[in-house]
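*Asks:* Below you'll find the structure I mean.
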Amino acid sequence: GCGAQKKKVSQFEEDHGIIVGFSQIGAESAWRTCNTRSVQDAAAEKGVQLVYANAEQKQENQIKALRSFIAYQVDVIVFIPIVTDGWDNVLQEARDAGIPVLVTDRKIAVEDQSLYAGFIGTDSLKEGRTAGQFVLEKFAAKRESFGQTKEPITIVELFGTEGSSVANGRAEGFREVLKSYPEFQIIYSKSGDFLRSKGYELAVEFLEMYDDIDVIFSHNDGMTLGAIEAMEERGLRPGKDIVIITIDAQQEAIDALREGKVNCVIECNPKTGPEIIKLAQRLAAGETIPRLQYVHEEVFYETDNLSLIEPRGY
Ligand code: GZL
Ligand code: ZN
């Protein structure tokens, strides 16, 4: 055959560009708001009409948004599933309506892979592994003496949104690296829902509970910044009294790295707008797209030449 038939693009689309329904989780972090801006700017740049829906952290709002996109007969749906489960029915409705779906940022767990056209986002498992690797190296000396001292390296985890693929991936990757080293012990792990305010609250709690924490592994900078506030209120020196690894790489985290308040910042790239819009345009033209695409990400270590880091823009 001669490859995928180009879908007849209507005259309206010819003149006005395609219409994309964009279901965003909310505005829980600097990362999220940057991601939203990136998609909105890319759509404007390409003359794509974006119907934007902010779910304010609620899955039921996302499902309502997807249903309204179907009723509105958008050309493509782009959505960021706040959690992995619970999407089968609404995605079947989209498929029945002939509307292709691009999943981005967070992954969904569905039996029937035909329920969405493809995924583009960040590799949470790799982010977790990178965090584990850093801890392994940072505590080499203490690991050496573990035989004699039997002194474990105690870890606190600030978990992201329960049930989200990114929190699960980060946690899994982190544990995978450390599982064969009994000297590392995760003594506390609770969800701060990627929120700075909850990161603060959890830190107040775990600093009350434990007086010998070696490491905080935080699933995002927002929660980290909240925890740093709680530590400093108690006269603790973040990055010195407690080693901190954090994910996203928003500007405030890079500033903290420069101040020695965190020790490793793992980038999770929010600027996926251009790629997303390009994929949406391909889907609208009836093309197939890659099932799985990861975007480029950096890691920033305390030992790097930190003056070389470009302004983050979020
Ligand atoms: C990660 C993204 C996460 C960020 C948080 O890809 O889903 O959600 O790490 C954001 O800052 O709230
Ligand atoms: Zn690079």
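Readers should treat all values here as calculations from the given coordinates under stated rules, not as data from a laboratory. Note that the coordinates shown come from a computational prediction; the quantities given were computed from them, not determined experimentally. Counting neighbours? That spans all protein chains shown, and the Cβs are built from the backbone with ideal geometry, glycine included.
*Asks:* So, counting K/R as plus one and D/E as minus one, what does the shell of residues with Cβ under 13 Å around K179 add up to?
*Replies:* Computed value for this residue: -1.
*Asks:* Something else: Which listed residue (F194, Q24, Q148) has the Cα farthest towards the positive end of the charge dipole for the chain, taking +1 on Lys and Arg C-beta and -1 on Asp and Glu C-beta about the Cα centre?
*Replies:* Selected residue: Q24.
*Asks:* Below 14 angstrom from the Cβ of P274, what's the summed charge of the other residues (Lys, Arg +1; Asp, Glu -1)? Display every interim value, and only then the final one.
*Replies:* Values: positive: R37, K46, K271, K278, R282; negative: D41, E45, E275.
Taking every other residue near P274 into account, the sum is +2.
*Asks:* Using DSSP, restrict attention to beta bridges with both residues in the chain and report what percent are antiparallel, rounded to the nearest 5.
*Replies:* On the way: 3 of 42 bridges.
The answer is about 5 percent antiparallel.
*Asks:* Over 29 Å between Cα atoms, which of K240/K271; K64/K126; K142/K190 qualify?
*Replies:* K240/K271; K64/K126
*Asks:* For the range 133-261, with only Lys/Arg (+1) and Asp/Glu (-1) charged at the beta-carbon, what is the dipole magnitude about the Cα centre, in debye rounded to 20?
*Replies:* Working: 15 positive and 24 negative charges, 68 e Å.
Here the range 133-261 has a charge dipole of around 320 debye.
*Asks:* If you don't mind, there's one more thing I want to ask. Check L158: other-chain or 5+ apart residues with amide H under 5 Å from its amide H, H built from backbone geometry?
*Replies:* Residues meeting the amide H criterion: F217, S218, H219.
*Asks:* Let me ask something additional. Under 8 Å for C-alpha pairs, at least 6 residues apart: give me the relative contact order for the range 92-204, rounded to a whole percent.
*Replies:* 28 percent
*Asks:* From the square roots a ≥ b ≥ c of the eigenvalues of the alpha-carbon gyration tensor of the chain, which class results: rounded (a/c under 1.5), prolate (a/b over b/c), or oblate?
*Replies:* Note, shape of the chain comes out prolate.
*Asks:* Right, next: Pull out a ≥ b ≥ c, the square roots of the eigenvalues of the alpha-carbon gyration tensor of the range 190-265, then state rounded if a/c is under 1.5, prolate if not and a/b is larger than b/c, and oblate in the remaining case.
*Replies:* oblate
*Asks:* Place a +1 charge on the Cβ of each Lys and Arg in the chain and a -1 charge on the Cβ of each Asp and Glu, then give the dipole magnitude about the Cα centre in debye, rounded to the nearest 20.
*Replies:* Using Cβ point charges on Lys, Arg, Asp and Glu, the chain gives about 720 debye.
*Asks:* Could you tell me the center-to-center distance, by alpha carbons, between the range 101-163 and the range 262-302 in angstrom?
*Replies:* That distance is 18 Å.
*Asks:* While we're looking at this one, here's another question. Once you have the Cα-Cα distance between Y52 and I186, take 0.36 nm times their residue separation minus that, and quote the gain in nm to one decimal.
*Replies:* Result for the pair: 44.3 nm of gain on full extension.
*Asks:* Treat every Asp and Glu Cβ in the range 196-314 as -1 and every Lys and Arg Cβ as +1, leave all other atoms uncharged, and give the resulting dipole magnitude about the Cα centre to the nearest 20 debye. Before the final figure, lay out the partial values.
*Replies:* Numbers: 12 positive and 23 negative charges, 132 e Å.
Computed charge dipole of the range 196-314: roughly 640 debye.
*Asks:* Classify the range 7-118 from the C-alpha gyration tensor, please: rounded if a/c falls under 1.5, else prolate or oblate depending on whether a/b exceeds b/c.
*Replies:* Oblate, because a/c is 1.5 or more while a/b does not exceed b/c.
*Asks:* Something else about it: Any chance you could check the Cα centroid distance between the range 186-220 and the range 226-240 for me, in angstrom?
*Replies:* 11 Å
*Asks:* What length, rounded to one decimal in nm, is gained on full extension from A71 through to Y294, with 0.36 nm per residue of separation minus their alpha-carbon distance?
*Replies:* 77.2 nm is the gain from fully extending A71 to Y294.
*Asks:* Also: With a sphere of radius 10 Å drawn around the Cβ of E127, what net charge do the other residues whose Cβ falls strictly inside it have (Lys, Arg +1; Asp, Glu -1)?
*Replies:* Local charge sum for E127: -1.
*Asks:* Picking from V83, V156, V204, which is most flexible by a Gaussian network model of the chain using Cα springs under 10 Å?
*Replies:* Checking each option, the largest mean-square fluctuation is seen for V204.
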